[in-house]
Amino acid sequence: MADVRIVIGTSNDHKVREISQILSAIPAISLVPFSDYEPIPEIDEDGATFSENAGKKAHLLAQYLYARRGASRSGRHTAVTNYDEDGEETDMLENLAAERAREQAEDMLGLNRQGTQGSRRLFGSESQRIKPADILVLADDSGLEVDMLGGAPGVHSARYAGEHGNDTANTRKLLSELKDVPEEKRTARFVCSIALATQKEVLLTVEGKVEGLIVSQPKGENGFGYDPVFYFPPYGQTFGETSAEGKNAVSHRANALKMFKSRLMRLLTDEGLA
């Protein structure tokens, strides 16, 4: 059984713990936070859906780590930076010269000498999607959809009030927009999309949801984000009042991770890695 290393592409410690707890039972993988390598670069989450954003983050972060590994091993570069025609530095991720970096990494890792025959010896088939030197990154995008707001805040959940990650401001704006909406019409759901990608492609994407209601005042100190105003009827309390164990059993991320776990195990089996 191969040991497949998967990098968790987030700087959110809450997510790292939750992902690690749910996926830790898979014997064929080891999970590594992105922060074990270096600070996570900022990525413009401009997708129209959670799935688009998750796939984009996983793919670009895999490209980034792959290129950085090739650059550091070659000794020819200390960073992977591109420049436009006027000599101005451009965005490292959006304009990453992936093919050039891949060639540099292959030179150092000896992949150009190994060729497809070497890949077949290790993985059993030339058509396998995961190769020995690939970087695997898991990334997610999640948020809250409120029916009376047409699905908002949606993909803008983390920056709903303008400042990214300001939970208090985001919640305050949400409650202000729902102040005249009766309880029975305050239906909402948390949505989480999770993607796995190499530096070459997105391998799989899954999406999980959990249904609930938005209460008029925050309740509880647990969780993060909109948890204190998200009421989960089966528990009779908000996620802010729910223990981590209770939330992890039913949350949108837990539901997505359960699907992801199943798809990942199938992928590893198909690739001869489990």
Out of region 31-71, which residues are under 14 Å from Ile8 (Cα atoms), out of contact with any strand residue (DSSP E or B) (no Cβ under 9 Å at 6 or more places or on another chain) and of a type in the set (D, E, K, R)?
-> Glu38
Residue list for region 218-234, restricted to those being exposed (fewer than 15 other Cβ atoms within 10 Å of the Cβ) and modelled with pLDDT under 95 | Glu221, Phe224
Looking at (1) in contact with a Ser or Thr (Cβ under 8 Å, 6 or more places away or on another chain); (2) more than 30 Å from Ala67 (Cβ to Cβ); (3) free of Cβ contacts under 8 Å to residues at least 60 places away in the same chain, find the lone condition where Val206 falls short.
-> (2)
Search result, residues across region 151-181 that are within 22 Å of Ala54 (Cβ to Cβ) and more than 23 Å from the chain's Cα centre (by Cα) = none
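Glu145 - would you say it is outside any helix (DSSP H, G or I), in contact with a Lys or Arg (Cβ under 6 Å, 6 or more places away or on another chain) and modelled with pLDDT of 50 or more? Spell out the reasoning first.
Values: outside any helix (DSSP H, G or I): yes; in contact with a Lys or Arg (Cβ under 6 Å, 6 or more places away or on another chain): yes; modelled with pLDDT of 50 or more: yes.
Against the criterion (outside any helix (DSSP H, G or I), in contact with a Lys or Arg (Cβ under 6 Å, 6 or more places away or on another chain) and modelled with pLDDT of 50 or more), Glu145 qualifies.
Here is a list: Val146, Val155. Which entry is closer than 15 Å to Val215 by Cβ and among the β-branched types (Val, Ile, Thr)? I'd like the intermediate steps shown before the answer.
Values: Val155 fails: closer than 15 Å to Val215 by Cβ.
Of Val146, Val155, the one residue that is closer than 15 Å to Val215 by Cβ and among the β-branched types (Val, Ile, Thr) is Val146.
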Inter-residue pairs, beta-carbon under 7 Å, first among the hydrophobic types (A, V, I, L, M, F, W, C) and in region 38-56, second surrounded by fewer than 15 Cβ atoms within 10 Å (Cβ to Cβ), 6+ apart = Ile40/Ser11
Check region 153-160 and report whether any residue there is buried (at least 21 other Cβ atoms within 10 Å of the Cβ), assigned to a loop (DSSP other than H, G, I, E, B) and either among the basic types (Lys, Arg) or in contact with a strand residue (DSSP E or B) (Cβ under 7 Å, 6 or more places away or on another chain) (or both).
-> yes
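The values are calculated or read from the model by the stated rules, or taken from the named source; none is laboratory data. Remember, it's a predicted structure, so these values are computed and weren't measured experimentally. No Cβ is skipped: glycine too gets one built from the backbone with ideal geometry, and neighbour counts run over all protein chains shown.
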